[in-house]
Amino acid sequence: MNKFLSLLFIALFGLTSCKTANLFVDKDAGNTVADLDSIFLPEGNYEYHIRKDDKITISIWGQDDLSVGSTFGIYNSNEVYGKWLMVDAKGNIEIPKIGTVHVEKMTIIQLKDTIEERFAEWIKNPVVDIKILNREITVLGEVRDPQVIPVDKEQNTLMEMISRCKGFETYANVKNIKVMRQVGEDVHVANIDLTENGDYLKKNINLYPGDVVVIPSKKNKEFDRRVSIIIPFATAITAAAILFNAF
């Protein structure tokens with residue numbers, strides 16, 4: 001019986017002494033404008049600006065030879081098929097017939113207007129459509145379907161992206177949701193607490209392409225996981241001890 005108690009003590013000690021660090025938990029999460037600042041709650045309407053390494057398709061109605069990945073054509077134009085122009089390290093793309101165009105930091109509307117103006121020299125009233133294929137938001141952690149989500153529209157809220165991941169898991173720590181956003185060389189982090197009342201718009205912030213959302217787990221997840229392992233083990237030891245004493 002003493003051996004049984006020793007084994008049980010060792011198992012319980014292992015359960016309590018082993019600890020997995022939850023790197024994304026911050027006890028000071030908040031939702032004031034000062035916490036989220038102008039990086040996450042900017043004034044005015046958001047517009048995406050083209051970046052280096054972006055993959056761009058150009059569609060010109062009735063001009064398949066001048067289009068790249070045309071949405072007007074009969075063939076699939078998504079990223080998998082490789083029909084796109086990549087913005088190079090200098091922020092340029094090579095457009096058929098036009099040549100080199102500097103597009104970095106342009107909005108989609110600005111690029112569209114530029115191409116329409118240039119092609120108007122050869123085409124009467126050109127109809128141009130521009131798409132950025134690699135605009136994505138990453139959602140990680142305690143959601144049912146963590147994934148990298150392609151986005152086409154400008155307004156993509158936090159709760160919308162979570163719903164596209166099929167919602168929270170049981171152990172989701174909704175008091176400490178992290179939204180990471182890179183601006184230049186710096187990475188800014190917003191701490192969102194969904195359990196507080198009020199200020200819904202400050203919590204359900206608009207996400208931008210390139211943002212990373214992390215839903216950390218509650219502290220008791222690791223404890224519950226270890227308990228689920230130790231209980232069958234302890235039960236087996238107890239049964240063995242009873243049989244040993246009986247015979």
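None of the figures in this text is laboratory data; all of them are computed from the coordinates on show. Treat the numbers as computed from the prediction; the structure is a model and nothing was measured. Every residue, glycine among them, receives a Cβ derived from its backbone with ideal geometry; neighbour counts consider all protein chains shown.
Details
- Remark: segment 149-159, residue by residue, has Karplus-estimated 3J(HN,Hα) of 9, x, 10, 10, 8, 7, 9, 9, 8, 4, 5 Hz, where x stands for each Gly or Pro and the curve is 6.51 cos²θ - 1.76 cosθ + 1.60 at θ = phi - 60°.
- Under 5 Å, built H, 5+ apart or other chain: amide partners of Gly141: Ile215
- Asn204-Asp113 FRET efficiency (beta carbon distance; Förster radius 35 Å; 0.05 resolution): 0.60
- Label point of Val187 set 7 angstrom out along Cα-Cβ; within segment 135-169, amide nitrogens under 18 Å from it belong to 136-142, 147-149.
- A simple rule links phi to the HN-Hα coupling: the Karplus curve 6.51 cos²θ - 1.76 cosθ + 1.60 with θ = phi - 60°, which for segment 192-208 gives 10, 10, 7, 8, 6, 7, x, 6, 4, 5, 6, 8, 7, 6, 7, 8, 10 Hz, with x for Gly and Pro.
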